[in-house]
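Shown next, in structure tokens, is the structure this report addresses.
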Amino acid sequence: MAVDRTLFKPIIRIIFLTMCLSIGSAQVIYHKSPNRGKVGEDLELSVTLFTDIPVSNAIVYFRETNGLSFSEINMNIVAPNWTAIIPGGRLSEKGFEYCIVVNLSDGSSYATPQNNPFENPHKILIEFGEDKFKKFNAISQGINSMLATPDVLILSPEPSELVRPENVVIAVSLFSAPQIDSSSIRIELDGVDKTSASIIESGIVSFTPNPLTDGLHTIDLHMSTAYGMEIEPLSWSFTVTSGMESMMEEFEYGGNLRSRMSLESISGVNYDVKELTGEGFVTLPFAEFKVSFRQTSRESEFQQPQNRMSGSFKMSEFVQLKFGDFNPRLSPFLIDGRRIRGTGVSLEIPWVRFQYVSGELNRIVQNQDGVDNTYKFLTYDLTTDSTGKTTYALDRVGYTFQRNMTALKLSVGPKYGLHAGVHVLQARDDINSVRHALGNYSFTVDSSATGLEAGTYSYNDFFSTVDAAGNVVDFKSDHWGGAAPEDNLVFGFDMGTSLDDRKLTIDFTWNMSLFNRDIWDGVMTRAEMDTALDDSLDGLIGVQYDEFGNATSGSVAIDTSQVFDPVPWKSFFIMNANMSPLVPFDVTTFETNPISTIVNMPSSAFSFKVKGHYAKNNFILEYRQVGPEYVSLGNPYLSSNVRDFLLSNRLALLDYKMFITGFYKYRDNEILKATLDPLNTTTLGMNMSLNPGADSPSYVVNFQSIGKYNEKTNLDSVGGELVDLREDSRAVNTLTSVNIPLTILNMTHFIVINYNTIKNTDKLESERAGNYLFPKTDTETLSLNLSSKFYTPLRSNISFSKTELYLPFTDTDGTVSKAKYIWTTAGLAGQYGFLNQKLRVSGGFSYLASKGLTNSTIMSIKGGADWDVVEGMTAIISGVLQLTNTGDKTEVNTTGIILKLRYNF
């Protein structure tokens, strides 16, 4: 059966954007998603690019499974890949979702997954870390397993506070814990019972000790409820000091410096990077100061900053100041981890919590490097007047406005009781930040420009040439061809409470946004409103006049003096015809369905969430909705026009050695009644993990079923032909993973086996035409990994994986079939220590083969050494060589040498 290869191309570009099918002139990205991760352990993500165009940046966007918003982290070159490390502290047993976007210097971008990466991100199972298992095992053995959680407010001394001996007064408030049995209260100071010397009255427990010696002291508070249930002990420490000498004894500092220099070449593109990073801290009993920085040769005026400088100052548990580059998290609907360069203040005192953030979301980028990346000649906008004078049009491109943001959040009420708060975010592009005429950059003029020779002109040469010919240049002063300046205002409120000794929490948040996609013209005045619907400046909106000056019938006649005036509010938000929403809600449905109309406002977003912890069950019930016009420039990756209903539960069994998680998620985009053919997505999932102990095998079994249905029942007519755009499909994703530890002759081995399948089913197959192409790819992956630690200073790792893809295609006679593609990878890596592990030598070999429409192989050899020069200082050298074979030739694809120096102090 003959196959028309041209029919493959669009399908291959879609499916194999995430898998490198062929190597050559095509620009493709290869990424293999990890099968699973573990809480507390860093997760490495990497992509391999096959392109001769330099990479501007590569970014990983990630969140916990079913989260609302993405955080971002930049990838770095570690030849032959671009790599990012997700800190283990950002991983949650709820799961991990991410996508990767790579931006090239020519303005093009690639992503994995390729289709709607933010809507359909990669998913990874995340297991409990060792600390978590130890915690659960301790609980199962009766330690705190039957203890209630205290809701006690520490009045003095505060945790980690520095106090003079004569000022020590121990006091706690039980106001928020009214069910405490006062006769059960026992207070200990440094392990000595001081209850008899304490005063317990009016919900306050207080004790004034005799002068204490300088140093650290610990308070323990024991209580029970009125029903006889023991409460988890409350313990905190403070420091007594008689003067500055005692304070200096508590002084601590530390940090590290790291330098990196690399000479790397990937697909003929050189990436020579020099980088210096460092971090440090200073700790006193009452305060802590941290600072970190990164200086890299990848810093460029033509893109957003790659250098980083940040610091924080924390005083006790109540005040924290951040400055430089940091990632504030106020709300998923405002800003939730996006980098900002500025300042942040966090204040947390009893009954009041306050956060304030101000700074720069985007810095100014005046232009891009290269021809036609600063100015652009507008070929079809030239005009010639009656005298023969020609006016040529020139535009401004390649810029990014400085985007400033201010946000705050204020909450009042006990942290674990009924509390409520308000929040607001304002972000705006600074129109004046980008210069109109930047410099003598070049642009091209084609042959269709009358009176000009085709070619490349610099800015000065172009104006001189035009002026010499007696013509003029219309250089646009605003409304440039690049991105328009934007403005955004988001505001809302939240409220929540904890019930049943914090076993049940309820949270609700509601938000509304105002977004202006183009503020070039500034705020709309009443006079401009007057002439928006008619041409007469008469103080009336919507009045049309006939040739005799009489108002025509049907005129609206709205008095502008009675209309809201946007001008006084322009410092908060610029209102004009480019804003959304123009009207907050649908006035036609408000009278009949007022509640539904307000709830479903297109520019609103809200969430209602209930979390519970009962009888070894952790459940979540959540409904959230983000309108189609809701925008927060502080969180541009927030999915809009979605309604989600989520129900999940995690059950602990076998003394917290087994966890069974089930979840149900429903999503649609039918917020507005006018939505045609809404897409409904239903996801059912089940996960079982078993970890009997450190020396026993652990198991993970995961099942997920995703059904999609767009409610379309008829075929569509496109270009005179009927096209089947109906969607009613189901994808079943299963994963089985086994981790087997073995100890043989003092050698420790860890064997990891993973088996994953994705099977897609078209539920309308019996109703489709015979030549219908169902564009879903089935996959099957088997991977094996063996990590070994020998009785000698040898460490080794052997890996193997095989992925089979079944790609649907249409052959030349119209028959639909599935082509099979096979990806096979294998790797061997090892490390050996010399000089009592002061010198560690490592090396490895990897092999990747693809078989399908185009066959290719990639072989990589890596090597390096780590040397502990002196205590705290390590020197590192590593190198890589990668060869690519496409059948007819073998060539060097990647070379690299990396030198590092690390010093800890």
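The values are calculated or read from the model by the stated rules, or taken from the named source; none is laboratory data. In this text the structure is predicted, and so the values were computed from the model without any measurement. When we count neighbours, we look across all protein chains shown, and the Cβ atoms used for this are built from the backbone with ideal geometry, even at glycine. Side chains included, ligands, DNA and RNA excluded: accessible areas come from the protein's heavy atoms. Shrake-Rupley method; radii C 1.70, N 1.55, O 1.52, S 1.80 Å.
Solvent-accessible area of LYS611, all protein chains in place: 60 Å² (probe radius 1.4 Å, heavy atoms, ligands and nucleic acids excluded).
Relative to the Cα centre, the charge distribution of the stretch 551-689, modelled as +1 at Lys and Arg Cβ and -1 at Asp and Glu Cβ, gives a dipole magnitude of about 820 debye.
Between ALA287 and PHE703, the C-beta separation translates, for a Förster distance of 56 Å, into a calculated FRET efficiency of about 0.65.
Cross-link pairs exceeding 21 Å between alpha carbons, from the set LYS776/LYS820; LYS123/LYS708; LYS274/LYS900; LYS32/LYS862; LYS818/LYS889: LYS818/LYS889. Treating r as the C-beta distance of ASN593 and ASN327 and R0 as 41 Å, the FRET efficiency rounds to 0.50. Think of the chain as having a plus end and a minus end, set by charges on the Cβ of Lys, Arg, Asp and Glu; of THR505, GLY451, VAL424, THR505 sits farthest toward the positive end of this dipole. For the pair ALA420 and LEU715 in one chain, pulling the backbone fully straight at 0.36 nm per residue adds 101.2 nm over the alpha carbon distance. Sorting ASP190, ASP866 by solvent-accessible area of protein heavy atoms yields ASP190, ASP866, largest first, with a 1.4 Å probe.
Each Cα pair under 8 Å and six or more residues apart adds its sequence gap; the mean of these over the residue count of the chain is a relative contact order of 8 percent. Shown for the chain: the carbon plus sulfur share of the solvent-accessible area, taken with all protein chains present and a 1.4 angstrom probe, equals 57%.
Run through every distinct alpha carbon pair of the stretch 153-240 and return the Kirkwood hydrodynamic radius in angstroms, one decimal place.
13.3
Using a cut-off of 22 Å between Cα atoms, the listed pairs LYS94/LYS611; LYS194/LYS415; LYS194/LYS503 include LYS194/LYS415; LYS194/LYS503 as exceeding that distance.
Plainly put, the stretch 641-853 has a radius of gyration that is 1.11 times its Kirkwood radius, both from alpha-carbon atoms, as the Rg/Rh ratio. Here the stretch 29-127 is assigned +1 on the Cβ of each Lys and Arg and -1 on the Cβ of each Asp and Glu. Its dipole about the Cα centre then comes out at about 180 debye. Stretching LEU881 away from PHE800 to a fully extended chain increases their span by 27.2 nm, per 0.36 nm per residue minus the current alpha-carbon distance.
Multiplying the residue separation of THR277 and ASN116 by 0.36 nm and subtracting their alpha-carbon distance yields 54.5 nm.
R0 = 51 Å: FRET efficiency of TYR755 with SER561, Cβ-based, nearest 0.05?
Computed FRET efficiency for TYR755 and SER561: 0.10.
So which aspartates and glutamates pass the test for LYS851, namely a Cα distance under 20 Å, with those fewer than 8 places away in the same chain ruled out? In chain and number order, the partners are ASP4, ASP778, GLU780, GLU804, ASP811, ASP888, GLU891.
Protein heavy-atom accessible surface, 1.4 Å probe, per residue over the chain: 50 Å². With the helix formula -39500 (n - 2.57) applied to DSSP H stretches of n ≥ 4, the chain reaches a computed 222 nm mean residue ellipticity of -1500 deg cm²/dmol.
Farthest towards the positive end of the charge dipole of the chain, among the residues ILE340, ASN488, SER571, is the Cα of ILE340, using unit charges on the Cβ of Lys, Arg, Asp and Glu. The label-point distance for ASP888 and PHE475, in a model that sets each label 7 Å from Cα toward Cβ, rounds to 4.9 nm.
Considering only Cα atoms, the convex hull volume of the stretch 783-905 works out to 134 Å³ per residue. Here the Kirkwood formula, the inverse mean of 1/r across different C-alpha pairs, assigns the chain a hydrodynamic radius of 32.7 Å. Taken about its Cα centre, the stretch 153-240 carries a charge dipole of roughly 140 debye when the Cβ of each Lys and Arg holds +1 and the Cβ of each Asp and Glu holds -1.
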